[in-house]
Structures are given as structure tokens and as C-alpha cells.
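What follows is a set of notes on a single structure, which appears directly below.
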Amino acid sequence: MKILFMTPECSNDVSWMNMHHLEQAVGGIAECAWAGPGHPLHVKGENLNDTVRRVMPGADWVIVHEAGQNKFPHSIVIPRKRIYRIAFLTTDAHWNFPHWAEKLNADKWDAVLMCTTRTAMVALPKLRKEKLRFITVEPDYYLKNVEAPIFHLAQSVNTEMFKPSDCLKEHDVSFLGAHSARYYPMRQDIWGALPSLAIHNKWRLLIRGAPPGVSLVSRNIDDLTRKGYLVGGKYAEVLALSKTLIFSTGIFRYAVKKFVEGMACRTLCLSDAPLVAEELHLILDWNFIEISRNNWRERLTYYLKHDGEREEIAENGYQTVLKYHTCEVRAKQMVEFLEEHS
């Protein structure tokens, strides 16, 4: 299997570092080359057929990432005459409804690799200065309406970076990440109430918002680390030193990376359940704790008082990640999918 990644170089990006680790894992079991934006072999504006002939003649698959385009997926030019297959890799399923699916079908992709296959809400296209509008939608809309074969490229984790620590836990509870009321209403509740709750219970609290910047533009891990932000390796370290990690899936009900990142560190994750919980082997109150806007205080307090139960569930989460959600596991699944559809 020969795979050419036309994906952006993202090894030092806050949001896409996990994708880099996954691609490297794919490179461990298949012959791969990289010629997307930021890679040494990238030539801006080059015809895709010319890139294949120059970089990887005889490629079986070419994988294009939405982030490498100006307006995904509308600016992508797919050569009609080619001897390779081409897949579109996408991370979000909630934008530009329903034209996103219609465009994918019109372009006749050979496969779509979707990090999120189900969504609870979608954004309608904006007209002029119209405010962005979200509506509820059938969660399986894209699975039922995208014609190309879909592979669920669910979040995976590099267990050499995200791993348990032998040190004593320094933080009783950690809240790390975005908390916009529009996208993450429960996180906003937690952000506002957690500091006083921690003082009342004498918890050691670590609370930080999302780092600034735009993915693949200005969210460089090295730069942000120098400025004191908890990103990259520092982020993994604090997860491993936390007894609990509390968050939510947001209005889209996505299986956010925090599930696999926290569980890989043997840290108890508390969140509402994502739409794909069963598919990803996320079992309520067995390998993570389900919470709501009404009960998160009580559930967090309970598991910080009951060490044995908390540690048992955190261990179940850790074993779940090792079995189902490492980069190596996901890479094997992805290559098998591409082979099946070659």
C-alpha cells in the first residue's frame, strides 16, 4: 500500500499534533510520503497528478485534508483522469449544511475519512452579514447522504506522550480548554462555578482556558509553551498529574480528544456522553463518568471522595485506550479500510 498525504505539516500545532502522530503510525505499516503545505516536498499550486508523478509514482491513495484548502472542499480540484484513488479527510461535520455533503458527492471522492461521523447540530450557510445559525439535525445525516465510503477516523492518541505518571497526583481536578457559552454551555457553567467549589472542598484545582491562535496558522506548540500555556508535552504532563479531568462534548456532541487524552493518562474523565459513545467503547460509569449541567458538582465531589472507585474507573479507561484508541490501532484500521476500497 502506497499512500501520499497531501495534508499540512502539523507536528507542532496544538490542535493537529494528534493527526501528525497518526500519520506517522500509518507510515509504520505502509509506504507513505508527505507533500502537503509545510512539508519539504510541497509545491504550491501544483497539479495533483504532477505531484503524484514527482513524489510517489504508483501511489494507491492520495489523502487530502480540508485544512490544506482555501474553502473546503470547494477549492479542491480532483483530476478526473488518474490511476490512484483519492480520499478527503475532514475533522468537523457541522459546517455549511447541507452543501458540504452535496459538494462531496458532486466531486465523487473515492472515500471520506471523517473524524466525526455524527453531529447533533449543524451550521447553516451565512447570507451577507447574517449571524451564524445552528439547527438540530438527524445525527446520521452524513452517514446516510454522503455517497463515498466513509471511514470513522475517530480520535486516537500517542501513548508515548499521553501516559500515566509514577508521581503523586498534584491536581484533584483539572479543567483545560474552550468554554464558550455558545458552543460549550456546560463547560461555561463549570468554568464559572468550579473555583468556588474547589475552595469550599479544599481541592487542588488547575483551570485554564484554550490557548490563543488559529489552528495551523498561529497555534505553534513551542511558541505557546514559551509563553506559559499548557500545550503539547506540558499538557500531557498535567493530565497525568490530575485525579480528574472535567469537560463536555458541546452542542455538537462530539467525541472530543479529551476522552482519549485523559484516559490514556489514567485520569478519570467526567463528561456528557458523545453521540458515538457505544461505537468508541465509552461505557457510562465504567470507563468514564457521565455528567450533566444538573449533577456535575455532585458526581465530581463523589469521585474525589472515593479514591478506590475513581482509580478503578480510570484504569478501565486506560485499558480501553490501549485496546481501541492508540495511533497504532487507528492506523491499522485506516490502512485496512483503504485496502478494502482499493
Exercise. What list of ³J(HN,Hα) values in whole Hz, one per residue of region 210-227 in order, does the Karplus curve 6.51 cos²θ - 1.76 cosθ + 1.60 (θ = phi - 60°) give from phi, with Gly and Pro shown as x?
Worked result: 5, x, x, x, 10, 4, 6, 10, 9, 10, 6, 4, 4, 5, 5, 4, 4, 8
Seminar exercise, completed: Only helices counted: for the chain, with every DSSP H run of 4 or more residues adding -39500 (n - 2.57) and the sum spread over all residues, [θ] at 222 nm is -10000 deg cm²/dmol
For this session: Starting at the first residue of region 273-280, write each ³J(HN,Hα) from the Karplus equation 6.51 cos²θ - 1.76 cosθ + 1.60 with θ = phi - 60°, in whole Hz, x for Gly and Pro.
Result: 7, x, 4, 9, 4, 5, 4, 9
For this session: Only Lys, Arg, Asp and Glu count, each charged at its Cβ (+1, +1, -1, -1), so figure out the dipole size of the chain about its Cα centre, rounded to 20 debye.
Result: 1260
Exercise. So what's Rg/Rh here for region 268-342, counting alpha carbon atoms and using the Kirkwood radius for Rh?
Worked result: 1.12
For this session: Run the numbers on region 171-324 and let me know its relative contact order in percent, using alpha-carbon pairs under 8 Å that are six or more apart.
Result: 22
Seminar exercise, completed: The long-range amide H neighbours of Ala87, using H built 1.01 Å from N in the peptide plane and a cut-off of under 5 Å, are Val62, Ile63, Val64
Exercise. What nm distance separates the two modelled labels at Glu138 and Tyr324, each placed 7 Å from Cα along Cα→Cβ?
Worked result: 2.5
Exercise. Taking a 30 Å limit on the Cα-Cα distance, which of the listed pairs Lys169/Lys227; Lys202/Lys234; Lys131/Lys332 fall beyond it?
Worked result: Lys131/Lys332
Seminar exercise, completed: Looking only at lysines whose Cα falls under 24 Å of Lys81's and that sit 8 or more positions away or on another chain, we get Lys2, Lys44, Lys71, Lys103, Lys108
Exercise. Taking all pairs of different Cα atoms in the chain, averaging 1/r and flipping that mean, what Kirkwood radius in angstroms comes out?
Worked result: 21.1
Exercise. Taking only C-alpha pairs under 8 Å that are 6+ residues apart, what is the relative contact order of the chain in percent?
Worked result: 17
Exercise. Between Glu278 and Val77, what FRET efficiency comes out of the Förster formula 1/(1 + (r/R0)^6) with R0 = 35 Å and r the beta carbon distance, rounded to 0.05?
Worked result: 0.35
Exercise. Among the trypsin sites (Lys or Arg not before Pro) within region 78-157, which fall in a DSSP loop and have no more than 10 other Cβ atoms within 10 Å of their own Cβ?
Worked result: Arg80, Lys81, Arg128, Lys129, Lys131
Exercise. Under a Cβ-Cβ cut-off of 14 Å, what is the net charge of the residues other than Leu241 that fall near it, where Lys and Arg count +1 and Asp and Glu count -1?
Worked result: +2
Exercise. Within the chain, what percent of beta bridges assigned by DSSP are antiparallel, to the nearest 5?
Worked result: 15
Problem set entry | region 190-342 - charge dipole about Cα centre, Lys and Arg +1 at Cβ, Asp and Glu -1, debye rounded to 20 | 880
For this session: Go through region 259-270 residue by residue and turn each phi into a ³J(HN,Hα) via Karplus (6.51, -1.76, 1.60, θ = phi - 60°); whole Hz please, and just put x for glycine and proline.
Result: 4, 6, 5, x, 4, 5, 8, 6, 10, 6, 9, 10
Exercise. What angle do you read, to the nearest 10 degrees and between 0 and 90, between the alpha-carbon axis of helix 17-27 and the longest principal axis of the chain?
Worked result: 50
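Read-outs: derived from the displayed coordinates by stated rules, not from any lab. Just so it is clear, the model here is predicted, and its values are computed rather than measured. Heads up, the Cβs are rebuilt from the backbone with ideal geometry, glycines too, and the neighbour counts pull from every protein chain shown.
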